[in-house]
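Report on the following structure.
The values are calculated or read from the model by the stated rules, or taken from the named source; none is laboratory data. Everything numeric in this text was worked out from a predicted model, so none of it was measured. Neighbour counts are summed over all protein chains in view; Cβ atoms, including those assigned to glycine, are modelled from backbone coordinates with ideal geometry. To get the accessible areas, we keep the full protein, side chains included, count just its heavy atoms, and leave off ligands, DNA and RNA. Shrake-Rupley method; radii C 1.70, N 1.55, O 1.52, S 1.80 Å.
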Amino acid sequence: MKTRPLSCNAESGPHDEQEAAQDWALRHTRRTGHDLLRRLVADHAKVTRAE
């Protein structure tokens with residue numbers, strides 16, 4: 001997961017844990033007042049053939 005404010009080009013960078021990205025967002029909001037952020041989440045799927 002990574003977090004990015006809609007009002008600037010800052011970005012949290014990738015984090016394995018949601019809490020780390022959220023902490024970055026809270027610190028950024030405290031410093032800048034930017035309060036609308038986009039959270040980008042990726043997941044993975046493993047596909048296997050049915051036999």
### Query
GluC sites (Glu not before Pro), restricted to the stretch 1-50: which are DSSP loop and have at most 11 other Cβ atoms within 10 Å?
17
### Query
In deg cm²/dmol, rounded to 500, what helix-only [θ] at 222 nm does the chain give when every DSSP H run of at least 4 residues adds -39500 (n - 2.57) and the total is split over its residues?
-9500 deg cm²/dmol
#### Entry: Phi to ³J(HN,Hα) by Karplus 6.51 cos²θ - 1.76 cosθ + 1.60 over the stretch 31-47, Hz, x for Gly, Pro
6, 10, x, 5, 10, 10, 10, 9, 9, 10, 10, 10, 9, 10, 10, 9, 10
### Summary
Once normalised by the length of the chain, the mean sequence separation of its alpha carbon contacts under 8 Å that are 6 or more apart gives a contact order in percent of 43
### Query
Of all trypsin sites (Lys or Arg not before Pro) in the stretch 3-46, which ones are in loop regions per DSSP and have a Cβ with at most 16 other Cβ atoms within 10 Å?
46
### Task
With θ set to phi - 60°, apply the Karplus curve 6.51 cos²θ - 1.76 cosθ + 1.60 along the stretch 6-19 and write out the HN-Hα couplings as whole Hz, x wherever there is a Gly or Pro.
7, 9, 7, 9, 5, 8, 6, x, x, 9, 6, 10, 4, 4
### Summary
Per residue, accessible area of the chain with a 1.4 Å probe, heavy atoms of protein chains only, in Å², comes to 89
### Message
With +1 assigned to the C-beta of every Lys and Arg and -1 to the C-beta of every Asp and Glu, and no other charges, what is the dipole magnitude of the chain about the Cα centre in debye, to the nearest 20?
### Response
220
### Task
Sticking with the crude label model, points 7 Å out along Cα→Cβ, report the distance from residue 39 to residue 18 in nm, one decimal please.
0.5
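Percent of accessible area on the chain owned by carbon and sulfur, 1.4 Å probe? Before the final figure, lay out the partial values.
Details: 2080 of 4540 Å².
Using a 1.4 Å probe with all protein chains present, the chain comes out at 46 percent carbon and sulfur.
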#### Entry: Förster radius 30 Å - calculated FRET efficiency between residue 47 and residue 6, Cβ distance, rounded to 0.05
0.30
### Message
Given the C-alpha atoms of the chain, compute the convex hull and give its volume per residue in Å³.
### Response
84
